1. To test your reading of the geometry: what angle, between 0 and 90 degrees and rounded to tens, separates the Cα axis of helix 891-904 from the longest principal axis of the chain?
2. Could you pull out every residue, at least 5 positions away or on a different chain, whose amide H is within less than 5 Å of the one on residue 352? Hs are placed 1.01 Å off N in the peptide plane, and Pro or chain starts have none.
3. Rounded to the nearest 500 deg cm²/dmol, what is the calculated helix-only ellipticity per residue at 222 nm for the chain, with -39500 (n - 2.57) per DSSP H run of length n ≥ 4?
4. Once the other residues with Cβ under 13 Å from the Cβ of residue 845 are scored (Lys, Arg +1; Asp, Glu -1), what is the net sum?
5. Where nothing but the Cβ of Lys and Arg (+1) and of Asp and Glu (-1) is charged, how large is the charge dipole of the chain around its Cα centre, in debye to the nearest 20?
6. Compute the distance in nm between two label points, each set 7 Å from the Cα along the Cα-to-Cβ direction, one at residue 540 and one at residue 1067.
7. How do 137-147, 95-105 rank on mean C-beta neighbours within 10 Å, highest first?
8. Could you tell me the largest-minus-smallest coordinate of the C-alpha atoms of segment 1-167 on each of the three principal axes, in descending order and whole angstroms?
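The numbers here are math on the coordinates, done by the rules we state, and not lab data. Fair warning: this is a prediction, and the values are worked out from it, not measured in the lab. Virtual Cβ from ideal backbone geometry, glycine too; neighbours counted across all protein chains shown.
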Amino acid sequence: MEISLLGPLEVRDAAGPVEVHGPRARRLLAALALRAPEPLLADQLIELVWGGALPLNAGNALQVQVSKLRRLVGEGRILTRGRAYQLALGDARVDVARFESLVAEGRCALEGGDPRRAALLLGAADALWRGPALVDLDHPSVAGEVARLDELRLVARELRVDADLAQGGHARLVPELDALTAAHPLRERLWGQQMVALYRSGRQADALRAYQAARRHLADELGLEPGAELQRLEAAVLAHDPSLDARPPPTPAPPGPNGAAARPAPSGAAPYPPAGGGSSPPGSPAVGRLPAELNRLVGRSRELAELAVVLAEHRLVTLVGPGGSGKTRLALGVARAAQPSGGAWFADLAPLSDQAGVPSAVAAGLGAVDLLEELMPGAPRQTLDRAADYVGHREVLLVVDNCEHVVGESARVVEALLRACPGLTVLATSREPLGVPGEVAWAVPPLREEEAVQLFAERATAHRSGFALDGTSAGVVADICRQLDGLPLAVELAAARAGVLSLDEVAARLDDRFRLLTGGARTARARHQTLRAVVEWSYELLDGLEAATFRHLSTFAGSFDLEAAVAVCGHEGTDELDMADVLGRLVDKSLVVALDGPGPGRFRLLSTLVLYGREALEAVAEADTARGRHLAWFAARSEAASVELLGEGQVERVAAIQRDLDDYRAALDWAVSCGDGQAAVTVAGGLGWFWWLQGELSEGSAWLLAALGTPGPTTSQRARARAWAGWMVALRGDFDAGAKELARAEDEADRVGDAEALGTAAALWASAHAFRGDVAEALELLERAEAAYRRVGYTWGRGAVHLVRALALSYGATPDEDLARAHALFEEVGDAWGLAVVLSEQAELAERRGDYATAIAQLERAERLTEGLGVHCSRLVSIRLGNLALLTGDLATAERRHGEVLHGLVEGAMPFARITALGARGLSLRVAGRVEEAAAVLVEARALAREADLPLGHSFAAGSLGYLAELDGRATEARAWHLEALGPAARLAEPGAMAFALEGLAGAAALAGDGEDAAFLLGAGDQLRRRVAGPMPLAERAFNLDRIEAAARRLCTAHGFERAFAAGAAETLEPVVADLLGQS
């Protein structure tokens, strides 16, 4: 029996705790235990138990309490000695007596030159305290004893600090001494110890500040100066006295015949190493205890090398991974290679059935138990503290295996040991991290294919004599290993089947692998004998919350983050910390994979377990509920994205949607299939801007139309979704159908009173007109959009209005003011896309002026802004940079940029982007002399522009084909192409496009021999260019204009060319253009 008085009264016997109820019974037992084995008179006991509140018959009342205690602790424990009572100890122990004994032994060990043994004993003494001494025996007569014990405890702590300082433990003592000096500011010995610890830690200034703090406390409270010893210590610190330096403790003499330590080694004997522990002589094997290998570790050379580095840099590494991934074998391989001076040790926690056994199992694994029992026979089992003192400062590697089922106590034990033992390194294996500060959770990867094949071959040889790999069989084994994901246990189980089945038969039966892969070693744990057992054991080990979470996680189509998991899988009151805990356990139980990458953590279900989880959902009738929560979450995220995609955080939101795109699609699919029209339009409409940024108008319009086709109420979300749908349909080429949807979106927004949605519908409709060159229609719609946005103070929308107006006006004017206002508004809200488009348009204006350096600089800034926004944005900028590369003579860059953009455009991309890319590519091919390829590309661009009803694209493609024909000497064909180009340009009244066509017609006229007509047409083109941005820059003239002008001058007299050119430059162009088009 153990009776503990250093804290609240505790009694334990062999069966466990003995509850002593009632304050009087507790006071009585405490009084008897404190004086044991001496007897106490009944009067003394009555005073201690009742104090001044004596009962009427105090003697009888005392007998009642004694009888009660005898029933609890045994009849033979409390004896009657006349008018006194005595606690007969026998095999019982009282912690007060044990505390005093340990302190005395520790003092002797320290004085005898054995600081390590002293620290062990004094630490064990301090560990007996669980709270204030004699707290149940609250009586004035006991106050002196309480004060004595408190003082002895402080002395023990001071002695133990001296022992630790002697062993080089100064750095880890500093925080403890900070607390001790704060609690006992008048104890000069503690201040002196703190000064030494700080000085030896390289903190001389802090050591001197500690002296000043001690001096201040003594002066303020006692009016005294520090004693002579503390003053000498201050002087030594100031002088860097070598006597303050840490010195290795002397080697203790070996124990004598009776186990007592002999006299300490004389001065000059070989000291301990600085770390405080023994080291092996060179060439001798390290001490330690690891299980012997029954078969060799196959492969893992890369992992062994990497873990050696990780263990050199971190003191706690936990190997985590699914069952059967080879965590234990890898840990033992690492430990065998490490060989620290204090040895590599192994603690197996697998046999434990509860948490309580962890400290003892770890102490036994360290080989500490026998020595501790020798040092402290009969002491209470303060196992963890004693193990820490046993390890001390030695360099030790401890493998703690199979922590997952006792992970809480494993974490506590490991953290305590690491804090107490600076030379200890722990390599743990667990299905989940321990969660200890400083821990590195190292995921055990599957075997690489060549390693898995090698493992299969070695294990198969044990089951089939003569088994060998050849060219054919190696391929079959590699396929088997791939199907088994390189999981070592699964590979070994498959290899065992090679004893009775051919390799082809094994491979063919892997679809039924849970029946196939059985027959593991009989001595293996049951959960490692079959693959089914591994999977089922993983799932069945889950508690109710874990299992429910796993089932609901199977609803995700792709990866997910913590916030999404809470929304889809959490229950009432679940927060992210709760979910992180559950997910952490699922990750390391092989049911969820934690993904590497920047940003917040993301997870996914193992692909082979998705079906398992969904079947489990169906089995418990939770599938519809889970899908509904999944839909609700992604509807909410989509609603938020519709705002977050416009302004600061734009790049991050695009990346977030990309990561979750499979789940947005799954949510949309479920919303449409179950008829939830409101959720469908919320998800689809919220992604409208995302699809535009990505250039995915085909997918975007398909989902938007599907959502709008699902019945639901007229809401703001439906109006926005319809606006996006109409815009995308229009941009994809069906302008009329898109216009109908946009008109309907305006009507819906007006009916629900949502001015922002109304503005969005009008602005999108305006931009669709602007892409076609319908300037008047675009400007009218922009007026409506701006009025709506102003009503709600929507800054981004106003910036978009100015930008679209600038795009529309650029066909016939220089929209500098609108671009400047758009830039300011987009800058105000931090919208990278808006700023990039403004820069791109400003670059076009600079290009028209021939200021290519400014244009390139602005486009490069725009390109940087579009990084991360989506390929659509960056492609349009890259096309323009390719064009400028052509103009500045960098053909290689132009071909590379144009080729990359065209290659990256997918089926269903916005026609405008593809037409622009095809036109640019055609120009670079022409300059490179690849005329036939250029013609093919331009024919494709022309067809696409006509199909999509994009007149400017059509005009440019036809005109470019005309220039190719003219260069090839085909005047009639060239004229026909340029007249075709002039038609859409004239309908839009776009000066640049009209000039491009008229100059082409001039080339055709010169080729046909009519120099004055050519000069007139060149003058007309020059008139148009001067309306917008001045004459064509010299670099652009080199492509066509210089050649055509030279040909025309050769056909005319000098005076004739100038006269005809001036006439064209002065002529009213509308009738000229009408006449030309009438000739076509």
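1. Once rounded, one gets 70 degrees.
2. none
3. -20500 deg cm²/dmol
4. Once all neighbours under 13 Å are counted, the net charge is -4.
5. It comes to approximately 3020 debye.
6. The answer from the label model is 9.4 nm.
7. In decreasing order of mean packing, 137-147, 95-105 become 95-105, 137-147.
8. Extents along the principal axes: 60, 34, 26 Å.
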